[in-house]
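Okay, structure first, notes after.
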Amino acid sequence: MFKFLKLHTCGNDFLIFFNEIKKNILKKILNNKIGVSCDQLFFIKNVNYKIKFIKIEIFNNNLNQAENCGNGIRCLSWFFLLKKKKFNLINFYLKKDIIYSFKNKNKIFVIYQIPKIKIKFLFRLGNIFIKSYFLDLINIHIVIIINNIKSYNINIIIKKIIFNFGDIYNIEFIQIINKNTFYIRIFERNVGETYSCGSGKISSYYCLYDNNLIKKNSIINSIGGSCSIYIHKKYIFIFGKENFICFGYI
């Protein structure tokens, strides 16, 4: 039997496993009718309590390997820092990158190095030119600033991006409300629109901050809920509410 833990935040839910599981078994587990569904799966590969180090692998619910998942790492941080109470800070090793987490007054803060803005470009839609950005935060994001987050033009833009670049990037659309708040819609590669995406929120926030469009401390609203974010030197801190769903055996 395999022990699992299910957590969620901002509308994204995650299954955490502590053992390797074969793909044919995972397909049964992820069946919406007879199994336990989720957005992403986390596998704990190695835990070193002495140096506060955890190696992880992440997969989407279609079993394609994911490069990053900020919301899932927030939930996993909640489990190790608040539930198990082993320590006050922890380091997650994901491929060649390290993501940091710490707790302060029962709040979990996940820390990323600032994303790299690869390309700034104008996206043409008829006679309209839309500001767009490629950012690298372990995975690649296309961030697009628009005036109306509910615009039907979003679907047209997504089709054009996939036609020209393929379905290989996460795409975020941002509508600025004021200097402290913005709305975001997120379309993940090979998945479609999703309630939330931690790395997408961080990339979008930094894109706005780098262009002096938003203040240092901000609130991000997505379909799945809101979270807070701020920047300090070369690091971005994101925090919100993490939720326990259940644990069990399969």
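The values are calculated or read from the model by the stated rules, or taken from the named source; none is laboratory data. The model shown is predicted, which means the values in this text are computed figures rather than measured ones. Because the Cβ atoms are built from the backbone with ideal geometry, glycine has one as well, and the counts that use them run over all protein chains shown.
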>> With outside any strand (DSSP E or B) and touching a residue at least 12 places away in the same chain (Cβ under 8 Å) as the only criterion, which of Ser226, Ser204 stands out?
In response: Ser204
>> Just to be sure before I move on: is Lys23 in the same structural domain as Phe79 (by TED's automatic domain parsing), surrounded by fewer than 18 Cβ atoms within 10 Å (Cβ to Cβ) and touching a residue at least 40 places away in the same chain (Cβ under 8 Å) in the structure I sent?
In response: yes
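Within the stretch 143-165, can you find the residues that are without any contact (Cβ under 8 Å) to a residue 60 or more places away in the chain and part of a strand (DSSP E or B)?
Hit for the stretch 143-165 is Ile144, nothing else.
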> Looking at Phe43, Phe2, Phe87, Phe18, which one is of a type in the set (Phe, Trp, Tyr) and at pLDDT 90 or above?
Replying inline: Phe43
>> Any residue that is outside the structural domain of Ile138 (by TED's automatic domain parsing), touching a Ser or Thr at 6+ places or on another chain (Cβ under 7 Å) and part of a helix (DSSP H, G or I) - is there at least one of those in the stretch 53-71?
In response: yes
> Within the group Ile168, Ile140, Ile174, which residue is outside any strand (DSSP E or B) and not assigned by TED's automatic domain parsing to the domain that holds Asn64?
Replying inline: Ile168
> Has the stretch 106-120 got at least one residue that is at pLDDT 90 or above, crowded, with 17+ Cβ neighbours inside 10 Å and polar (S, T, N, Q)?
Replying inline: no
